[in-house]
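Below is one structure, written out as structure tokens; comments come after it.
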Amino acid sequence: MRRAHVAPAVAPADPGLAELAPDQRLRRLELTVTRRLNGLLHGQYRGLLPGPGSEPAGSREYRPGEDEVRRMDWAVTARTTVPHVRQVDADRELTTWLLVDGSASMEFGTAELDKRELAVAAVAAVGFLTAGVGNRLGAQVLRADGVRRFPARSGRTHLLALLRTLLAAPRATAPADRAGRGPAVGLPDLADGLDAVHRIANRRGLVVVVSDFLDGLPDDPDQQAPWERTLRRLAARHQVLAIEVTDPRELELPDVGLITLIDPETGRCREVSTSDRRLRERYAQAAAAQREQVQRALRRSGATHLPLRTDGDWSADIVRHVHAQRRLAAAPAGQRRGGAA
């Protein structure tokens, strides 16, 4: 069953976190971003992805075949007799579009956070880090009852309303009347959400997709996932950040005896004995192949990949990602091509 992951039906490890009131959880997220991320991501403009803009930021030597001639800094070129181009900071007025996967496979978690809570944390980080005068944030949220749309607006109130909606959304589960009968027809999937973002994101900006990217993943690793083509179209016009959310139990099974595995997208159940070492090895191999399939699809699409795990330090992972992207952007062309491979 490759449409969704098959994972043990286990409750989150930290029920106290899940039991916090929405406003308390929002406050904790905001403090984490503003205190920790802002302190580690120095600079007047803390972009999640480095990219072209319009504000002057000095000059550097011209790189043939890479830089645009229209960005030549003729004054510096004449003074140094070496071709230079103008460097620019990211545009101040940034429009960010979020696509948040709220399908049933995102309801799973065995660590301090479940995948859905980690997705909300990622949205909070994107929202607070891209907030600024003139910057706007819009979102498409995939839910069991359809797509919830948030128009692109600016301001902290708008961001908090989006986060509050994500926290308060009803949990997506596989309906009992279709358990074991395959995926329901007509429910929105990741490809539908990407198509919706492509239709409304007219101005170049930042597109952030938060998902486990398991929706519609084909059994044949050589085949394209149904969402890959639209993701590639988005990456041709926008900066695209794909935040992949995973849980450790999706990657390997512990030896805990007899357990019930449930596909949250279809409701199919199966009892297995985790005491079987060969079964655990096959599970880990299949899970690794599946994650590699997702990574290849994201690379082919041209999206920047940020993996987050429910048992990891998501704020530190975001900081490392931003610093790595900045180093990559500042590296010579040959090194950038090697690092992006």
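Note on exposure: Phe213, Phe128 ranked by accessible area (1.4 Å probe, complete protein assembly) read Phe128, Phe213, with the most exposed listed first. Over the stretch 204-310, the reciprocal of the mean inverse Cα-Cα separation, the Kirkwood hydrodynamic radius, stands at 15.3 Å.
What number comes out for the charge environment of Arg229, summing +1 per Lys or Arg and -1 per Asp or Glu over other residues with Cβ under 11 Å away? Net local charge, Arg229 excluded: +1.
The values are calculated or read from the model by the stated rules, or taken from the named source; none is laboratory data. Bear in mind the structure is a predicted one, so any value in this text is a computation, not a measurement. Heads up, the Cβs are rebuilt from the backbone with ideal geometry, glycines too, and the neighbour counts pull from every protein chain shown. For accessibility, only protein heavy atoms count, side chains too; no ligands or nucleic acids. Shrake-Rupley method; radii C 1.70, N 1.55, O 1.52, S 1.80 Å.
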